[in-house]
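Structure record follows, encoded as structure tokens.
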Amino acid sequence: MQAETYYHIYHHANGVENLFCSSENYRYFLRQWIKYIEPVADSYAYCLMPNHFHFLIRTLDEAQVLKFLKSKDPTLQGFETLGGFSNVMSRQFSHLFNSYSQAFNKMYNRRGSLFISNFKQKEIANDAYLTTIIMYIHRNPIHHHFRKCFDDWPHSSYPSILSNKTSRLRKREVLDWFGGKEAFEDFHTSQLNLADHSLFIDY
């Protein structure tokens, strides 16, 4: 992963298990996301499904990430001793998944890996992909037949982006990208017609 770059991040539970079995699981995962990922990346959209999740992020610049790392270890000189910027990002995600897995296993008295081996990241290469991935993420509950209307799924960023309440999401930037709330809503309710289905993994 590179600095100052948009990525579609997605990950899946191991086998046929679920990542989230209760409302508290969803809330705890988001708290851990804030702890481990917010210091190194901005979040623009997300959807948590029972056995997988999707996020749209933009990695921070190297100076911001290095400042965070030095707050943990003042002796740190640069990324080189940590294997480079990409390795730092991978470590942050690893910390997230490990911390969540440990809490989940303790809560449900289970053992073993909760997630599949490696999380996926796709770089957002153009404006059209960025627009479409936001809609795709929010419409995931329809795609997987959990809802007939995506806007009442409680574990996505869609209602938060439309809300007037403060949020850690970059929701103003998302709304501006679409041209305002009305355009944002209209685009999401339009026909989902993907020119390139290989952009997305069918979790």
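Here is how the numbers come out for the structure above:
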{"read-out": "Pairs with Cβ under 7 Å, 6+ apart, first in the stretch 46-74 and of a type in the set (S, T, N, Q) and at pLDDT below 95, second buried (at least 23 other Cβ atoms within 10 Å of the Cβ) and not in a strand (DSSP E or B)", "value": "Asn51/Leu19"}
{"read-out": "Matching residues, the stretch 119-144, being out of contact with any strand residue (DSSP E or B) (no Cβ under 8 Å at 6 or more places or on another chain), part of a loop (DSSP other than H, G, I, E, B) and either at pLDDT 90 or above or surrounded by fewer than 19 Cβ atoms within 10 Å (Cβ to Cβ) (or both)", "value": "Ala125, Asn126"}
{"read-out": "Residue in the stretch 185-195 that is of a type in the set (A, V, I, L, M), in a helix (DSSP H, G or I) and either at pLDDT below 90 or surrounded by 12 or more Cβ atoms within 10 Å (Cβ to Cβ) (or both) present", "value": "no"}
{"read-out": "Residue count, the stretch 84-106 (criterion: over 15 Å from the mean Cα position of the chain (by Cα) and in contact (Cβ under 8 Å) with a residue 12 or more places away in the chain)", "value": "7"}
{"read-out": "Tally, over the stretch 21-45, of residues that are in contact with a strand residue (DSSP E or B) (Cβ under 8 Å, 6 or more places away or on another chain) and either modelled with pLDDT under 95 or of a type in the set (S, T, N, Q) (or both)", "value": "1"}
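The values are calculated or read from the model by the stated rules, or taken from the named source; none is laboratory data. Note that the structure is predicted; figures quoted are calculated from it, not measured. Reconstructed Cβ throughout: ideal geometry from the backbone, glycine too, with neighbour counts over all protein chains shown.
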